[in-house]
Amino acid sequence: MSDKEYDFVSKIYDPLLFVFLNPIRKKIIQELKSFQDKKILDLCCGTGDQLKRMAKKGFENLHGLDISEAMLRVARKKTDPKIHFYQEDAGNTRFEAESFDSVIISFAIHEKKREV
């Protein structure tokens, strides 16, 4: 997706997809409950909605990575200080192996090249 396309999509993503993503976002939180005090990375975090929800449920050490500055602008609005955002390519991050206790990715694989 181009920067221009991300700029448009970032503004409509959460309101447009809320009804479809809400049950999935809740299920992810349930599944990760035992990681509440662990270091979690959301690869391709987009608007940061999953991380924001996790912060509201008491998760403390949250990190989100996305390649799109437009999506991260939305993510950084009214966000929790427990969430740290990084603009990087998920296929080539600066993080060392085993830097996180859990890594999640949702709704992004379809945008990646097969080899990634």
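Bear in mind that the values in this text are calculations on the coordinates, not laboratory data. None of these values were measured; they are calculated from a predicted model. Heads up, the Cβs are rebuilt from the backbone with ideal geometry, glycines too, and the neighbour counts pull from every protein chain shown.
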With the dipole of the chain worked out from charges on the C-beta (+1 for Lys and Arg, -1 for Asp and Glu) around the Cα centre, which of 46, 28, 71 lies farthest toward the positive end?
28
What number, in percent, do you get for the relative contact order of the chain if the mean sequence gap of Cα pairs under 8 Å and at least 6 apart is divided by its residue count?
29
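From the alpha carbon gyration tensor of the range 3-111, can you work out the equivalent ellipsoid semi-axes (sqrt of 5 times each eigenvalue) and give them in Å, largest to smallest?
Numbers: eigenvalues 82, 59, 32 Å².
Output for the range 3-111: semi-axes of 20, 17, 13 Å.
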What aspartates and glutamates does residue 27 reach when the alpha-carbon gap must be under 14 Å and sequence neighbours fewer than 8 apart in one chain are set aside?
49
Partner lysines for residue 77 [C-alpha distance under 19 Å; skip if fewer than 8 residues away on the same chain]
11, 52, 56, 57
